[in-house]
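S.K.: Once you've had a glance at the structure underneath, I'll fire off some questions.
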Amino acid sequence: MSGSALFEEAHERAVALDAVSPLAHTRARFDLPEDVVYLVGNSLGALPVGVPARTAEVVARQWGHGLVGSWNDAGWMDLPTRVGSRIAPFVGAGTGDLLVGDSTTVCLFRALVSAARLRPGRRRLVIEPSTFPTDLYIAQGVAEVLDLEVVWCDPADPVASVDDDTAVVCLTHVDFRTGATYDLAAVTTGVHAAGAVVVWDLSHSTGAVPVDLTGADADLAVGCTYKYLSGGPGAPAFTWVAPRHQPHLRQPLPGWMGHVRPFAMEREHDAAPGIAAMASGTPPVLALSALDAALDAFDGVTPEDLRVVSLSLSDLFLDLVAEHLPGRVEPVTPREHARRGSQVSLRHEHAYGLVRALAVRGVQGDFRDPDLARFGLAPLYVRHVDVVTAVREMVAVLDAEEHLDPAYAVRNAVT
Ligand SMILES: *Cc1c(COP(=O)(O)O)cnc(C)c1O
């Protein structure tokens, strides 16, 4: 990596910020390569140190030696709610109201159908057109199954599209492209005023941007665990249902694991009480165990710690971009703290080449079509000095026009 006198002062400032960070100690909880600045924790969180030993133990001892008895002896059946209770504080959920299992995609389908059924007779499903694609497709699939009309709202004002024929609103708290965030409490209140319910997707929030589902009087939520929660590739997602809705819920995938007596093998589905009714099939024990071990990285970390460090990192990132790259890249992530998630997205005509050239210099970000370079700021392991390195190397790439290398004209399958 190239040094630059221009960044010496910034580096010193960053070292001082890292020294007083309330999360200075948590980076050691991750197994990160020394020579990489990893700013893709919003896509695949880094590996927490305890995960390899835990997964090896679950495979060799619980599965290998305990065999089928481990369903009882190793507490496998409790994993979906036990792991959920460890995530709960970061989303303002009550212990026991969060269930982990299945992909975000499947959890969202289940949540949206369940939510729409809370408002029978209403025929509209409102969703933002700029949300994550799987959310778009699932919303349209749900509308087809329930014969609802999809209403595309203005992402800047979703509540304006909610009327007395709206059953459910589907919103992603932090936009995956721009990093802009909704005021979850205010939007929830607005949706409720029209008598509708809202399903929040917290995939780009959980583990970096705390929310208070209980305080906001929210309805249902889902979220990804392989991003800021570092649960590992394809880790199972979570579902939360407000306690007041739980007794009235009718979910569309009522499998045997959501039955109050799964081993009674009865003909009719008798839903388990509480959030357990949202289960469908057998819990993914290996993945849940990896996620459980990953959550050790959050031990003693408060939601406030995450937010303070995340904003400090993105403040520094945006300041350095304004100072060193004026007019050369366009920040699309909001400046206001209240509207900012935990990433910095920069618009550039050759954003893909920029991201690839940065990776060659040891700075990993990612690219989102058509022209955004994204830099995720996972507060548990990204340091202020990493942010300085990232911007310093970005200046070097652009100065040397490395982003224009013809090799970057062809994109990888995963960008
Ligand atoms: C990451 C993400 C998903 C992921 O869904 P999978 O089912 O795990 O592929 C869904 N929605 C949003 C908003 C996301 O950010």
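The values are calculated or read from the model by the stated rules, or taken from the named source; none is laboratory data. Because the structure is predicted, anything quoted here is derived from the model rather than measured. Neighbour counts run over all protein chains shown; Cβ positions are idealised from the backbone, glycine included.
S.K.: Confirm whether residue 243 is within 24 Å of the chain's Cα centre (by Cα), at negative phi and within 16 Å of the ligand (Cβ to nearest atom). Break it down into steps so the answer makes sense when it comes.
M.R.: On the way: within 24 Å of the chain's Cα centre (by Cα): yes; at negative phi: yes; within 16 Å of the ligand (Cβ to nearest atom): no.
Spelling it out, it is not the case that residue 243 is within 24 Å of the chain's Cα centre (by Cα), at negative phi and within 16 Å of the ligand (Cβ to nearest atom).
S.K.: Which residues, taken from segment 215-225, are near the ligand (Cβ under 10 Å from one of its atoms) and either of a type in the set (Gly, Ala, Ser) or surrounded by fewer than 24 Cβ atoms within 10 Å (Cβ to Cβ) (or both)?
M.R.: The answer is 223, and nothing else.
S.K.: Out of curiosity, is residue 82 within 16 Å of the ligand (Cβ to nearest atom), touching a helix residue (DSSP H, G or I) at 6+ places or on another chain (Cβ under 9 Å), closer than 18 Å to residue 224 by Cα and in contact (Cβ under 8 Å) with a residue 24 or more places away in the chain?
M.R.: Details: within 16 Å of the ligand (Cβ to nearest atom): no; touching a helix residue (DSSP H, G or I) at 6+ places or on another chain (Cβ under 9 Å): yes; closer than 18 Å to residue 224 by Cα: yes; in contact (Cβ under 8 Å) with a residue 24 or more places away in the chain: yes.
It is false that residue 82 is within 16 Å of the ligand (Cβ to nearest atom), touching a helix residue (DSSP H, G or I) at 6+ places or on another chain (Cβ under 9 Å), closer than 18 Å to residue 224 by Cα and in contact (Cβ under 8 Å) with a residue 24 or more places away in the chain.
S.K.: Looking at 52, 48, can you tell me which residue is under 18 Å from the mean Cα position of the chain (by Cα), more than 16 Å from the ligand (Cβ to nearest atom) and under 30 Å from residue 367 (Cα atoms)?
M.R.: 48
S.K.: Next question, about the same structure. Tell me whether segment 393-407 contains one or more residues that are of a type outside the set (Ser, Thr, Tyr), under 22 Å from the mean Cα position of the chain (by Cα) and not in a loop (DSSP other than H, G, I, E, B). Before you say what the answer is, go through the steps one by one.
M.R.: Let us first name the residues in segment 393-407 that are of a type outside the set (Ser, Thr, Tyr), namely 393-407.
Those still in the list that are under 22 Å from the mean Cα position of the chain (by Cα) too: none.
For segment 393-407, residues of a type outside the set (Ser, Thr, Tyr), under 22 Å from the mean Cα position of the chain (by Cα) and not in a loop (DSSP other than H, G, I, E, B): absent.
S.K.: What single numbered condition from (1) in a helix (DSSP H, G or I); (2) in contact with a strand residue (DSSP E or B) (Cβ under 8 Å, 6 or more places away or on another chain) fails to hold for residue 309?
M.R.: If we test residue 309 against (1) in a helix (DSSP H, G or I); (2) in contact with a strand residue (DSSP E or B) (Cβ under 8 Å, 6 or more places away or on another chain), just (2) comes out false.
S.K.: Another question, then. Quick check: is even one residue across segment 124-131 touching a strand residue (DSSP E or B) at 6+ places or on another chain (Cβ under 6 Å), basic (Lys, Arg) and within 16 Å of the ligand (Cβ to nearest atom)?
M.R.: no
S.K.: Let me ask something else about it. Looking only at segment 108-129, which residues are crowded, with 24+ Cβ neighbours inside 10 Å and assigned to a strand (DSSP E or B)?
M.R.: Matches in segment 108-129: 125, 126, 127.
S.K.: Then there's this: Would you be able to tell me the number of residues in segment 180-210 that are within 14 Å of the ligand (Cβ to nearest atom) and within 22 Å of residue 291 (Cα to Cα)?
M.R.: Total satisfying the criteria: 10.
S.K.: Which of the helices (runs of 4 or more DSSP H) contained wholly in segment 9-98 include at least 1 residues that are aromatic (Phe, Trp, Tyr)?
M.R.: By residue number, 70-73.
S.K.: Sticking with this structure for a sec: Out of 160, 143, which single residue is surrounded by fewer than 19 Cβ atoms within 10 Å (Cβ to Cβ) and more than 16 Å from the ligand (Cβ to nearest atom)?
M.R.: 160
S.K.: Out of all the residues in segment 296-322, which are surrounded by fewer than 17 Cβ atoms within 10 Å (Cβ to Cβ), among the charged types (D, E, K, R) and touching a residue at least 60 places away in the same chain (Cβ under 8 Å)?
M.R.: 296, 304, 307
S.K.: Could you figure out which of (1) within 11 Å of the ligand (Cβ to nearest atom); (2) at positive phi; (3) not charged (D, E, K, R) isn't true of residue 232?
M.R.: All conditions pass for residue 232, except number (1).
S.K.: Would you say residue 249 is in contact (Cβ under 8 Å) with a residue 24 or more places away in the chain and either touching a Gly at 6+ places or on another chain (Cβ under 6 Å) or more than 16 Å from the ligand (Cβ to nearest atom) (or both)? Working first, answer last.
M.R.: Values: in contact (Cβ under 8 Å) with a residue 24 or more places away in the chain: yes; either touching a Gly at 6+ places or on another chain (Cβ under 6 Å) or more than 16 Å from the ligand (Cβ to nearest atom) (or both): yes.
In short, yes.
S.K.: Now a separate question. Have a look at 189, 206, 172 and point out the one that is surrounded by 22 or more Cβ atoms within 10 Å (Cβ to Cβ) and over 14 Å from residue 135 (Cα atoms).
M.R.: The match here is 206.
S.K.: Looking at 61, 86, which is the one that is farther than 23 Å from residue 135 by Cα, of a type in the set (Lys, Arg) and surrounded by fewer than 18 Cβ atoms within 10 Å (Cβ to Cβ)?
M.R.: Among 61, 86, only 61 is farther than 23 Å from residue 135 by Cα, of a type in the set (Lys, Arg) and surrounded by fewer than 18 Cβ atoms within 10 Å (Cβ to Cβ).
S.K.: Determine which member of the set 327, 300 is modelled with pLDDT of 95 or more, closer than 30 Å to residue 54 by Cβ, not in a helix (DSSP H, G or I) and not β-branched (Val, Ile, Thr).
M.R.: Numbers: 327 fails: closer than 30 Å to residue 54 by Cβ.
Just a single option satisfies the conditions, and that option is 300.
S.K.: So, of the residues in segment 349-372 that are within 28 Å of residue 22 (Cα to Cα) and in contact with a helix residue (DSSP H, G or I) (Cβ under 7 Å, 6 or more places away or on another chain), which turns out to be surrounded by the most Cβ atoms within 10 Å (Cβ to Cβ)? So that I can check it myself, show each step before the final result.
M.R.: We begin by selecting, within segment 349-372, every residue within 28 Å of residue 22 (Cα to Cα); these are 362-366.
Next, from what is left, pick out any that are in contact with a helix residue (DSSP H, G or I) (Cβ under 7 Å, 6 or more places away or on another chain): 363, 365-366.
Working: 363: 24, 365: 27, 366: 21.
Looking at residues that are within 28 Å of residue 22 (Cα to Cα) and in contact with a helix residue (DSSP H, G or I) (Cβ under 7 Å, 6 or more places away or on another chain), I get 365.
S.K.: Is one or more of the residues making up segment 97-112 away from the ligand (no atom under 16 Å from the Cβ), of a type outside the set (Asp, Glu) and more than 27 Å from residue 127 (Cβ to Cβ)?
M.R.: no
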